[in-house]
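Report on the structure given below.
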Amino acid sequence: MMEPVLSLDGITKTFWDSEKSCPALAGVSFDVAAREIVCIMGPSGCGKSTLLRIIGGLDYADAGRIGQTSGNKDKKPSAAMVFQDHALFPWLTVYENIVYGLRLSVQNLPEEEIKKRAESLLELTHLNAFALSYPHQLSGGMKQRASVARALVIKPSVLLMDEPFSALDTFTRRELEDEVLRIRQDLKTTILMVTHNPEEAVYLADRIVILSERPGVVAAILQVDLLYPRDPADPAFIRIREQVTRMIQGKA
Ligand SMILES: Nc1ncnc2c1ncn2[C@@H]1O[C@H](COP(=O)(O)OP(=O)(O)OP(=O)(O)O)[C@@H](O)[C@H]1O
Ligand SMILES: [Mg+2]
């Protein structure tokens, strides 16, 4: 593998509620290469969201190491998160939502550059016509697109997505999955995504990391050797999808 953009080594996390301990992650280790799409799967409660939050700097690990490089010398590494429920600010327009985090994370960026970046992401996510709309005026798919645009505007070294499309209907979901593939192609983004949907994982991922029951450890890593664009009706696709399903259920 090329130099990893992200390397996880022994990530461990226990939550404490009063006196009761809840071990969530028990030493998760794997690497993610530049431009790779890695999907994380595993039983509910095994620590997938916790892992993503730790990588994104929204929570801390009790033990373990996260190595992150931008894969680009002049840029400091960063991760940006897309949540299941878009998490857009309802009182800001789509445009303002997109630039809000950029202003916070990159100080003194010229207004012109801010505008240029926001506009190119509105274009990329097909939201040009909705720049001045508020989140409540958007469909579910458009809200998720806006939150993908908001995450990408800081030019993160890794895009983290936690079940970003699970609330969408099948057709919208496939459209957004295709956008993820296009984003990787156009922006050379590295993507780490949690999903519960084996078809989505096999459609998108170069590799699928399967976590065990809580507390999560890496149970298996599966390389998906199918060319893009992938066809979910292809027998090879179906075989891998079924294998993934069995692995998550702990039957393989
Ligand atoms: N802030 C918290 N305080 C206490 N316990 C927590 C907290 N966040 C998560 N947990 C616990 O840690 C474990 C892992 O939670 P997490 O949300 O990471 O699981 P998950 O794999 O994302 O599950 P799902 O697939 O249902 O989204 C769960 O047992 C959960 O109850
Ligand atoms: Mg979760």
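The values are calculated or read from the model by the stated rules, or taken from the named source; none is laboratory data. Values in this document were obtained by computation on a predicted structure and should not be read as measured data. Glycine also receives a Cβ, built like all others from the backbone with ideal geometry; neighbour counts cover every protein chain displayed.
Of everything in the stretch 204-248, what is surrounded by 15 or more Cβ atoms within 10 Å (Cβ to Cβ), among the polar types (S, T, N, Q) and away from ligand 1 (no atom under 16 Å from the Cβ)? Give them in sequence order.
243, the sole residue that qualifies.
Need a quick list: helices (runs of 4 or more DSSP H) entirely within the stretch 34-144 having at least 2 residues that are within 16 Å of ligand 1 (Cβ to nearest atom) and buried (at least 19 other Cβ atoms within 10 Å of the Cβ).
Working: elements: 48-55, 94-105, 111-124.
Fully inside the stretch 34-144 and qualifying: 48-55.
Starting from the stretch 220-247, keep only residues that are more than 15 Å from residue 174 (Cβ to Cβ), then list their pairs with residues that are aromatic (Phe, Trp, Tyr) whose Cβ atoms are within a distance under 7 Å, requiring at least 6 positions of separation or different chains.
Correct list of pairs: 221/30; 226/237.
Residue 51: more than 16 Å from ligand 2 (Cβ to nearest atom) and aliphatic (A, V, I, L, M), yes or no? Break it down stepwise before answering.
Values: more than 16 Å from ligand 2 (Cβ to nearest atom): no; aliphatic (A, V, I, L, M): yes.
It is false that residue 51 is more than 16 Å from ligand 2 (Cβ to nearest atom) and aliphatic (A, V, I, L, M).
Does residue 82 satisfy the condition of being under 17 Å from residue 6 (Cβ atoms), out of contact with any Gly (no Cβ under 9 Å at 6 or more places or on another chain) and aliphatic (A, V, I, L, M)?
Numbers: under 17 Å from residue 6 (Cβ atoms): yes; out of contact with any Gly (no Cβ under 9 Å at 6 or more places or on another chain): yes; aliphatic (A, V, I, L, M): yes.
Yes: the conditions hold for residue 82.
What number goes with the only condition from (1) under 18 Å from the mean Cα position of the chain (by Cα); (2) closer than 12 Å to residue 216 by Cβ that residue 33 does not pass?
(2)
Suppose we filter 214, 246, 241, 230 for residues that are basic (Lys, Arg), in contact with a Phe, Trp or Tyr (Cβ under 7 Å, 6 or more places away or on another chain) and more than 18 Å from residue 160 (Cβ to Cβ); which single one remains?
Exactly one residue qualifies, and that residue is 230.
Which condition number does residue 107 fail, the rest of (1) at pLDDT 90 or above; (2) more than 17 Å from the chain's Cα centre (by Cα); (3) not aliphatic (A, V, I, L, M) being met?
All conditions are met except number (1).
For residue 119, state whether it is more than 23 Å from residue 180 (Cα to Cα) and not assigned by TED's automatic domain parsing to the domain that holds residue 172. Quick ask: steps written out before the conclusion?
On the way: more than 23 Å from residue 180 (Cα to Cα): no; not assigned by TED's automatic domain parsing to the domain that holds residue 172: yes.
Taking the combined requirement at face value, the residue does not satisfy it.
Name the single residue that is surrounded by the most Cβ atoms within 10 Å (Cβ to Cβ) among those in the stretch 159-173 being in contact with a Leu (Cβ under 9 Å, 6 or more places away or on another chain) and either in a helix (DSSP H, G or I) or not charged (D, E, K, R) (or both).
If we filter the stretch 159-173 for residues that are in contact with a Leu (Cβ under 9 Å, 6 or more places away or on another chain), which is where we start, we get 159-162, 164-165, 168.
Now restrict to residues that are either in a helix (DSSP H, G or I) or not charged (D, E, K, R) (or both): 159-161, 164-165, 168.
Numbers: 159: 23, 160: 25, 161: 25, 164: 28, 165: 26, 168: 18.
In this case the residue turns out to be 164.
Can you say whether residue 82 is free of Cβ contacts under 8 Å to residues at least 60 places away in the same chain and either of a type outside the set (Phe, Trp, Tyr) or under 30 Å from residue 31 (Cα atoms) (or both), as far as the supplied structure shows? Working first, answer last.
Details: free of Cβ contacts under 8 Å to residues at least 60 places away in the same chain: no; either of a type outside the set (Phe, Trp, Tyr) or under 30 Å from residue 31 (Cα atoms) (or both): yes.
For residue 82, the condition - free of Cβ contacts under 8 Å to residues at least 60 places away in the same chain and either of a type outside the set (Phe, Trp, Tyr) or under 30 Å from residue 31 (Cα atoms) (or both) - is not met.
Is there a residue being at positive phi and either touching a residue at least 24 places away in the same chain (Cβ under 8 Å) or touching a Pro at 6+ places or on another chain (Cβ under 9 Å) (or both) anywhere in the stretch 183-193? Talk me through it step by step, then tell me what you get.
Applying the first criterion (at positive phi) to the stretch 183-193 yields 188.
From the residues that got through so far, the ones that are either touching a residue at least 24 places away in the same chain (Cβ under 8 Å) or touching a Pro at 6+ places or on another chain (Cβ under 9 Å) (or both) too are 188.
Within the stretch 183-193 (the criterion being at positive phi and either touching a residue at least 24 places away in the same chain (Cβ under 8 Å) or touching a Pro at 6+ places or on another chain (Cβ under 9 Å) (or both)), the answer is yes, since at least one residue qualifies.
Residue 118 - would you say it is at pLDDT 90 or above, of a type outside the set (Asp, Glu) and touching a helix residue (DSSP H, G or I) at 6+ places or on another chain (Cβ under 6 Å)? Steps first, answer last, please.
Working: at pLDDT 90 or above: yes; of a type outside the set (Asp, Glu): yes; touching a helix residue (DSSP H, G or I) at 6+ places or on another chain (Cβ under 6 Å): yes.
Yes: the conditions hold for residue 118.
Between 124, 138, which is assigned by TED's automatic domain parsing to the domain that holds residue 102 and touching an Asp or Glu at 6+ places or on another chain (Cβ under 8 Å)?
Numbers: 138 fails: touching an Asp or Glu at 6+ places or on another chain (Cβ under 8 Å).
On inspection, the qualifying residue turns out to be 124.
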